[in-house]
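No value in this document is a laboratory result; all are computed from the given coordinates. It should be emphasised that the depicted structure is a prediction, and the values quoted were computed from it without experimental measurement. Quick reminder, even Gly has a Cβ in these numbers, built from the backbone with ideal geometry, and neighbours come from all protein chains shown.
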Amino acid sequence: MRKIMALIGIALLAIPLVSAEFTVSDLELTIYRDGYVKVYYQIIPSEYAVQISIPLLGKDYENLIVEDENGNPLNFEVSGNSVIIYVNDAQLIKVSYYTPDLTSKHGLVWTLNVSSPYPFKVVLPENAIVVDLSDIPLSISSNVISMPPGNQSISYTLEYDVERNSQNVVYYLLAGVLAISAVFIGIKLISRKKVSKDVKVDKEAFLKKIEKFDLNDEERNALLYILEKGGRASQAEVRNALGLPKTTAWRMFKRLEKQGLVKIIRGRKENWVELRP
């Protein structure tokens, strides 16, 4: 009898968790190299459900989107650590958002910590090397790991980029060129007696300041570009100059703002990024 009950318990883990209001058919966590996680739910509401409440992972929910199977937005409101969704006639509901709260870093090791009542898939960054798992995964395929419900953790490291040293050399050379250029630009502006709208940033001090942060190449290049532009530039201008996708650039600016390196100024038509001295 105990063996039968154990087999039934194992079988239930493979079945999507169903409530009276909905079924979670898919929960996927995509981890980016900077530690941000994209959370994606795929939910099937019950036939007569008017509204459903879905628990959210993390505490900070950025760019939260709720839509039906056709991509049409659905009304929702966040209440505590849950989102209340008004179903309307949706047959399938897709929920996605970004959060920095699910990962932490100690030395070279990143750890994803998740407490979920549903089984979930984790898409690791490219070249990630798993060093520890809290439980036996349901499946592993390339960089995708399926984990059972419960309090789970996955620890991993990111393969060292052999090009990093050469990129650092380029960075310091560029910093030197920018510092020299800044002097000539300053002399030129003063000689023309133009009123500058630039931010008052001590370029040499700012370059020393960013050396204290563990910045990736995109973040350093963005800061250097804004510095070259006088300390302020539009997000679109920086994004286009560095060839970054809109979502990637958005996450990058949010990280830099949290680190106190930039200030995001929201305008009517576009947002601006200003360096913090």
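Evaluate E = 1/(1 + (r/R0)^6) for residue 105 and residue 144, where r is the Cβ-Cβ distance and R0 equals 30 Å; express this FRET efficiency to the nearest 0.05.
Step by step, r from the Cβ atoms, then E = 0.90.
Between residue 70 and residue 248, how high is the FRET efficiency from 1/(1 + (r/R0)^6) when r is the Cβ-Cβ distance and R₀ = 25 Å? Nearest 0.05.
0.40
Taking Cα pairs under 8 Å and at least six residues apart, what relative contact order does segment 59-121 come out at, in percent?
Relative contact order of segment 59-121: 33 percent.
For segment 118-134, take each phi angle, set θ = phi - 60°, evaluate the Karplus expression 6.51 cos²θ - 1.76 cosθ + 1.60, and give the result in whole Hz per residue in order, putting x for glycine and proline.
Values, residue by residue: 10, x, 8, 9, 10, 9, 7, x, 4, 6, 6, 10, 6, 10, 6, 10, 6 Hz.
Each label point is 7 Å from the Cα along the Cα-to-Cβ direction; what then is the distance between the points at residue 257 and residue 205, in nm?
Taking the two extended label points, one gets 2.4 nm.
Can you list residues whose amide H is under 5 Å from residue 138's amide H, if they're 5+ apart or on another chain and H is modeled 1.01 Å from N?
When sequence neighbours closer than 5 places are left aside, the close amide H contacts are 146, 147.
With an 8 Å cut-off on Cα pairs and a minimum separation of 6 or more residues, tell me the relative contact order of segment 2-158 in percent.
Normalised by residue count, the contact order of segment 2-158 is 23 percent.
Pairs 38/94; 105/208; 209/263; 203/229; 209/258; 229/254: which are spaced more than 18 Å apart, C-alpha to C-alpha?
Where the Cα-Cα span goes over 18 Å, the pairs concerned are 105/208; 229/254.
For residue 236 and residue 158, calculate 0.36 nm times their separation in residues minus their Cα-Cα distance, and state this gained length in nm to one decimal.
Between residue 236 and residue 158, full extension yields 25.2 nm more.
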